[in-house]
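Reading through the structure tokens given below for one structure.
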Amino acid sequence: MEPVVTVRDLRMRYGAADVLTGVEFDVSAGEVVCLLGPNGAGKTTTIEILEGFRIRSAGDVSVLGQDPAHADEDWRARTGVVLQSWRDHPRWTPRRLLTQLGGYFAPYSTPERQRPHDIDLLLETVGLTQLADRKIATLSGGQRRRLDVAVGIVGRPELLFLDEPTAGFDPQARREFHDLVRGLARAEGTTILLTTHDLDEAEKLADRVLVLAAGRIVADDTVDGLSRRLEGEAQVRWTASGERHHESVPDATAFVRQLLDELGADVHDLEVRRASLEDAYLALVQQHEAGHGEAAARLFAEVTR
């Protein structure tokens with residue numbers, strides 16, 4: 001199968017400033033891919049180009065088999081967008097809003113994918129059944145964000161863009177939202193491309209992480225793969241005979257087995273720690289911000305090998 005998204009040598013210039021200088025990546029059908037990067041790295045610019053909202057300076061982009069810059073209405077019906085914020089309709093109810101928006105997608109149904117979503121089922125999916133007929137102005141921030149997602153998926157998109165989806169959420173609302181996104185990917189087979197500053201969110205949601213820095217993709221890997229390749233050794237800590245011990249080892253599994261064989265029940269408080277996504281991300285970004293171009297290039301080669 002061809003990738004849902006293909007980006008080659010994507011470049012974007014604003015005046016004399018080069019924001020994107022050769023971005024390249026693919027996204028496969030059904031993947032949840034997270035785009036990470038520091039402020040000003042070009043995440044929003046990249047996503048807006050893929051959505052067809054911004055015209056690139058150079059490069060080749062294919063989304064669902066078309067160039068977003070020249071895509072037609074049928075293509076737009078196959079994509080969904082959840083913006084970081086949008087102006088809602090406070091006097092409307094969720095049911096009325098979704099019914100109105102859903103009507104626009106009906107002409108684009110196919111035998112493989114009927115559009116729009118059944119509104120009652122959609123309200124249930126996003127957890128708004130009990131609030132379906134309340135005015136939107138009375139909903140909490142987390143409830144409105146659920147409605148944002150419902151608006152983005154009412155047309156049953158094949159590809160969904162999420163921009164900072166849980167900004168301002170409390171921990172409970174964030175957890176519920178993560179469950180919702182994972183459910184979409186599993187139940188609908190929806191391909192999801194999201195941007196976030198929340199590394200914990202990326203670690204929980206993403207099948208694959210792209211790190212954008214200095215106008216390029218400097219890492220493209222799974223969370224585990226990125227973390228393991230950036231830190232070759234694991235940190236093993238344990239307590240034995242009343243003393244705390246610490247070792248850095250290349251093979252934590254083999255080391256722990258040997259440790260337990262030798263000390264058995266005398267081993268307590270055993271823990272193994274590898275590099276987290278945050279460790280990996282900060283290492284990559286700091287190298288680029290420090291101007292270590294050669295070191296970053298070697299690191300990129302290692303991460304994507």
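The values are calculated or read from the model by the stated rules, or taken from the named source; none is laboratory data. Note that the structure is a prediction, hence the values are computed from the model and not measured. Counting neighbours? That spans all protein chains shown, and the Cβs are built from the backbone with ideal geometry, glycine included.
Restricting attention to segment 1-12, which residues are surrounded by 13 or more Cβ atoms within 10 Å (Cβ to Cβ) and either under 26 Å from Thr190 (Cβ atoms) or not assigned by TED's automatic domain parsing to the domain that holds Thr46 (or both)? Across segment 1-12, the qualifying residues are Pro3, Val4, Val5, Thr6, Val7, Arg8, Leu10. Say whether the condition of being assigned to a helix (DSSP H, G or I), within 29 Å of Gly103 (Cα to Cα) and of a type outside the set (A, V, I, L, M, F, W, C) is met by at least one residue in segment 156-164. No, segment 156-164 contains no residue that is assigned to a helix (DSSP H, G or I), within 29 Å of Gly103 (Cα to Cα) and of a type outside the set (A, V, I, L, M, F, W, C).
The single residue among Arg96, Arg8 that is among the basic types (Lys, Arg) and not in a helix (DSSP H, G or I) turns out to be Arg8.
All of Gly264, Gly232 fail the test of being of a type in the set (Gly, Ala, Ser), at pLDDT below 85 and part of a loop (DSSP other than H, G, I, E, B), apart from Gly232. Identify all residues within segment 11-63 that are among the hydrophobic types (A, V, I, L, M, F, W, C) and either part of a helix (DSSP H, G or I) or touching a Cys at 6+ places or on another chain (Cβ under 8 Å) (or both); write none if there are none. Result: Ile47, Ile49, Leu50. In this structure, is Leu193 assigned to a strand (DSSP E or B) and buried (at least 18 other Cβ atoms within 10 Å of the Cβ)? Answer is yes for this residue.
Within segment 95-108, is there a residue that is of a type outside the set (A, V, I, L, M, F, W, C) and at positive phi? No, segment 95-108 contains no residue that is of a type outside the set (A, V, I, L, M, F, W, C) and at positive phi.
Asp133 fulfils the conditions (1) closer than 20 Å to Ile192 by Cα; (2) at pLDDT 90 or above except for a single criterion, (1).
Taken over segment 217-229, the residue count meeting the criterion of being at pLDDT below 90 and either part of a strand (DSSP E or B) or of a type in the set (Ser, Thr, Tyr) (or both) is 5. Checking each residue in segment 13-30 for being more than 13 Å from Arg216 (Cα to Cα) and buried (at least 18 other Cβ atoms within 10 Å of the Cβ) picks out only Val27. When restricted to residues that are under 11 Å from Glu278 (Cα atoms) and within 8 Å of the chain's Cα centre (by Cα), segment 202-213 contains 1.
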